[in-house]
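A short worksheet on the structure shown next.
Just so you know, all these numbers are worked out from the coordinates, no wet-lab data involved. Here the structure is a predicted model, which is why all the values come from computation and not from measurement.
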Amino acid sequence: MDSTFTPSSFVVSPSIRKILRWIEWSLLFQCGVSNLLRADLDYLPSAYLRVSFCLLALLAFSLIPLPVSHSPTRRRLYILSGFSLLILVDIAQVYHSSLFDLAIIKACLLLSRRDAIAATVTAVGLNFLQSSWRLPTQIERIRAIGLEPYLNLQKLLVNSFVGTIVFTLFVLLLGFVFVAEQRSRHRAEQLSLEVEALATKLERSRIARDIHDSLGHSLTTLDIQLSLAERYSQLPNSYPKLQKALGKSKQLAAQCLAEARQSLQTMRDTSFDMTSALNTVGEQIRSAFLLNLQVQLPPLPQQLSYQIYLMAKEGLVNIQKHAKATKASLSITAADGQIELILIDDGCGFESSSSVSGYGLQGIRERSQLLGGKMDIHSQPGKGTQLRVIVPLIEENTSCLNLSRSASQL
């Protein structure tokens, strides 16, 4: 337990407050019955009035809500008032030991550990002082009824003192254990909310990457074609060009719809074939450059296979959009417990020492890190680019992807 912990760092649930209130009322009822049964029959009316007045005062105090969300000063004042009221009730010779134990538990709930110990020690000390002040009267009563020869007052006082200290310490520790349990439960709830928020954030990132990888290029081209169509519609004698731009836009829209359906089907089905999907991508981009494709992989989990496919596809799309390459080679192999993806092109290249700024390459890096791997880029202006992704072939990848899939269902 943390000594710096304060009750304001967690919230006492309404059910616990309700239970404490019912316990307090039950103890008040037991207190009233016990005091009336112990009262001298000759003084029953006065005892009844005294007990009733004390019980009404305790009942009124029990109706005050626990100031859990208030300032430390108000919480200390609440506990001090409770202990003071119990001491006054004790001076009135009304039995209430169980209520004193409940007040200690309240102190553990509302105060820091140091303040709770200080309040308990002070209350016990004042209670002993009050008992010592009343001790001569009790001794006179014992002598009056002739029981003094049969009682060892010194032993009785020592046993009473030690018993009170031990039981008070037990109740105090029990209160601290209860507070620690509530604190752990509250922390678990907070961590659960944080995990849910993190899972939602990861899922949003994953969806953004999937949209970019599967639809980003097609939607960008579609936007360009629609802009051309809008421009041709405002020019005279440009109907053939307008018709061509609209036809291309229709084709791209159908392609976007097909890619969206393929992405959804891939995330839900278990029949995804990465080699076939990569061959389809290769056929689409061979008009831009020659592609040498080599895939040698053992059977993989469907989600892991899909993530590797998206990284390879994004790398090929980047070559098509930016590299101005004439040929490229893509190799995906598995050896020594890891999957290696190597993509090489003979394009214009860039300074690989500079930070990766493109969303596509950043998406590849994030995917590789999500799978517990890494991405390296080696490139020089005019000398092409080599993209290398290493992903460990371990069970944790399946668990990680299952977490991402579970997040999509939140």
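Once you have the Cα-Cα distance between Glu189 and Leu49, take 0.36 nm times their residue separation minus that, and quote the gain in nm to one decimal.
45.5 nm
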Which listed pairs, of Lys327/Lys383; Lys313/Lys374; Lys18/Lys106; Lys241/Lys321; Lys241/Lys327, have C-alpha distances above 21 Å, in listed order
Lys241/Lys321; Lys241/Lys327
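What does the extension gain come out to for Val158 and Leu88, with contour length at 0.36 nm per residue minus their alpha carbon separation?
This chain segment gains 22.8 nm when fully extended.
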Calculate, in nm to one decimal, what Gln386 and Thr122 gain on full extension: separation in residues at 0.36 nm each, minus their alpha carbon distance.
87.5 nm
